[in-house]
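Q: Below are the structure tokens for one structure; questions will follow.
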Amino acid sequence: MEDEWKPLLASERAGEAYTDRGVMDSLDPKSKRPFHVEPRNIVEDDVPERVSAEASVMSSRVHYYSRLTGSTDRLLVPPDHVIPAPEEIYVYSPLGTAFKVQGGERPTKNPSIVTIFAIWNTMMGTAILSMPWSIKQAGFTLGIIILISMGLLTLYCCYRVLKSPKSIPYEDTSDWEFPDVCKYYLGPFGQWSSLLFSTVSLIGAMVVYWVLMSNFLFNTGKFIYNYVHNVNMSDSEYGTNGTERVLCPFPSQDTGKNCSMSLFYLGDNSTGMPLFDYWWSKTNTVPFYLIILLLPLLNFRSAAFFARFTFLGTISVIYLIFLVTLKAIRLGFHLEFHWFEPSKFFVPEFRVLFPQLTGVLTLAFFIHNCIITLMKNNKHQGNNVRDLSVAYLLVGLTYLYVGVLIFASFPSPPLSKDCIEPNFLDNFPSSDILVFVARAFLLFQMTTVYPLLGYLVRVQMMGQIFGNHYPGFFHVFTLNVVIVGAGVLMAKFYANIGSIIRYSGALCGLALVFVFPSVVHMISLRRLGELRWPSALFHSFLIFLGVANLVGQFFV
């Protein structure tokens, strides 16, 4: 009986139409709707009834329109009033009955407010912890100017990515992503290179996560040890302001290196080394302890369980905003403007180290590889540009708020602004309860997000190389060992998340933020005969900025 059924129209989500001869393949995606049958003709447990005359006329109309057009011509597709709305999905049998397809899920359409905060939540990542340090590297005034300018530039490039599928004529681009657009204009090189840089950005994020998780686990264990053993830390290590204490861990050393202070001891006379420090070191032991927890999680076939905890990212950002606000109120503002020359406690307003900020911001505003997917679920597609702009505004304001408040409230004197760490939480002692809560919460949140990032890397790499997301345990395990190994090495030898973010951001941003969107747009205009020299000059300048951004990371 099952072989007697022949589908007339399949799911709109699949974007395919079927008949017994396949003549419906030319239908426009917006018109590919299920064949309509009156409720009394639907097969349930009752005896099947014949299809009504109205349904037969509808079928004839669909066949008529489908024969008027070729496979790539949209001019003669069936109009919306001919094809009924897609609330129901049926397959039509030549025997004269219709069978309702069960289990087909239609994509959920979100209102603008949900779409905006989905983009905000997706963009809010580890870069928020490095924003005060990044502004310090550029100088307070220049840092604010660069943050606003980079937000506008990356917004425009993201807009170009969002519009790129719609510029392709005579093609059904409803299911296309940006790598498909790059393949259309640039061939296999565009597709593979865009996938490569997208994968590099994910691996870079995983490395940053490993460094941060090692940091948070180390400080969480340190807090618990101090609390259990009632260990008090000397105030001489801190700049104090009322009841608040702020730490300057590396007053005269490269912050990329780890020189953690030994403030508590459980003596081991045979070696002269504190026993707790020996087994609980931020660089020598804690990064390896994480392997026991996270490596098995990366080998799961599906990351659906961890996807349930993505809401924790929003809660953690909200808590960080609350923490920054509270610290700023308690510490007060400490600002002096020295435009080009540093002073003992303050950095100049304009510094030649500003490319470090542009590198961090490239990754901080990076959402270009998934913006098309996010916007597909927007309920009102006409509002896409507006919603994208509002989301970027919220992201920029969040970064500006955190970066400016931490920089301005950092107690100078007695400490120098140069003491601001790449992870601003490191400027607060492990005994600070509010900061302890932030670290513990971020540790749990990153532990759930890390397997999701690994799953995305596996899907991209294994899917392209082997055509299977899980080709075998050995393949997946080898890939995960390489990714984990990179995180462990960086956490041990170079635990500066600011530098890791800026290098990976500048590298991936060169391709996916500046070069590919600009090149694709110029090629599209040229094929349409609409490319003019102002547009070519502007987009070539964007490509130059991307190259300069990457090169600048190696000279500062």
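The values are calculated or read from the model by the stated rules, or taken from the named source; none is laboratory data. These figures come from a predicted structure and were not determined experimentally. Please note: Cβ atoms are built from the backbone with ideal geometry, for glycine as well, and neighbour counts cover all protein chains shown. Accessible surface is based on the protein model in full, side chains and every heavy atom, while ligands, DNA and RNA are left aside. Shrake-Rupley method; radii C 1.70, N 1.55, O 1.52, S 1.80 Å.
Per-residue answers, yes or no, for (1) at pLDDT 90 or above; (2) in a helix (DSSP H, G or I); (3) of a type in the set (Lys, Arg); (4) in contact with a Leu (Cβ under 7 Å, 6 or more places away or on another chain):
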site: Lys163; (1), (2), (3), (4): yes, yes, yes, no
site: Tyr185; (1), (2), (3), (4): yes, yes, no, no
site: Leu195; (1), (2), (3), (4): no, yes, no, no
site: Ser198; (1), (2), (3), (4): no, yes, no, yes
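Q: Scan the stretch 313-330 and give yes if some residue there is open to solvent by 70 Å² or more (accessible area, probe 1.4 Å), among the polar types (S, T, N, Q) and within 24 Å of Gly221 (Cβ to Cβ), otherwise no.
A: no
Q: Of the residues in the stretch 521-539, how many are part of a loop (DSSP other than H, G, I, E, B) and either touching a helix residue (DSSP H, G or I) at 6+ places or on another chain (Cβ under 7 Å) or at pLDDT 95 or above (or both)?
A: Going through the stretch 521-539 one residue at a time, the tally reaches 1.
Q: From the list Leu542, Leu489, which residue is part of a helix (DSSP H, G or I), aliphatic (A, V, I, L, M) and open to solvent by 10 Å² or more (accessible area, probe 1.4 Å)?
A: Just one listed residue meets the conditions, Leu489.
Q: Given the criterion in contact with a Pro (Cβ under 9 Å, 6 or more places away or on another chain), in a loop (DSSP other than H, G, I, E, B) and open to solvent by 10 Å² or more (accessible area, probe 1.4 Å), identify the matching residue among Leu415, Leu405.
A: When all the criteria are applied, what remains is Leu415.
Q: State whether one or more residues within the stretch 499-520 are more than 30 Å from Tyr156 (Cβ to Cβ) and among the aliphatic types (A, V, I, L, M).
A: Within the stretch 499-520, not a single residue is more than 30 Å from Tyr156 (Cβ to Cβ) and among the aliphatic types (A, V, I, L, M).
Q: Name every residue in the stretch 455-478 that is open to solvent by 20 Å² or more (accessible area, probe 1.4 Å) and either under 16 Å from Pro296 (Cβ atoms) or touching a residue at least 24 places away in the same chain (Cβ under 8 Å) (or both), in order of residue number.
A: Across the stretch 455-478, the qualifying residues are Tyr455, Leu456, Gln460, Met461, Gln464, Tyr470, Phe473, Phe474, Phe477, Thr478.
Q: I'd like to check something: does the stretch 130-151 contain any residue that is touching a residue at least 12 places away in the same chain (Cβ under 8 Å), under 30 Å from Ser412 (Cβ atoms), basic (Lys, Arg) and assigned to a helix (DSSP H, G or I)?
A: For the stretch 130-151, residues touching a residue at least 12 places away in the same chain (Cβ under 8 Å), under 30 Å from Ser412 (Cβ atoms), basic (Lys, Arg) and assigned to a helix (DSSP H, G or I): present.
Q: Take the residues in the stretch 344-383 that are open to solvent by 10 Å² or more (accessible area, probe 1.4 Å), of a type in the set (A, V, I, L, M, F, W, C) and in a helix (DSSP H, G or I); name whichever of them is nearest to Gln137 (Cα to Cα).
A: Only one residue fits best here, namely Leu363.
Q: Mind counting the residues in the stretch 394-412 that are touching a residue at least 60 places away in the same chain (Cβ under 8 Å) and out of contact with any His (no Cβ under 8 Å at 6 or more places or on another chain)?
A: 13
Q: Only one of (1) of a type outside the set (Gly, Ala, Ser); (2) open to solvent by less than 40 Å² (accessible area, probe 1.4 Å); (3) within 28 Å of Phe218 (Cβ to Cβ); (4) modelled with pLDDT of 85 or more fails for Leu452. Which number is that?
A: (4)
Q: For Thr154, state whether it is surrounded by 21 or more Cβ atoms within 10 Å (Cβ to Cβ), among the hydroxyl-bearing types (Ser, Thr, Tyr), over 30 Å from Pro422 (Cβ atoms) and touching a residue at least 60 places away in the same chain (Cβ under 8 Å).
A: Judged against the criteria, Thr154 is not a match.
Q: Also, I was wondering about something else. Criterion first (open to solvent by 40 Å² or more (accessible area, probe 1.4 Å) and not hydroxyl-bearing (Ser, Thr, Tyr)) does Phe514 satisfy it?
A: When the stated conditions are applied, Phe514 does not pass them.
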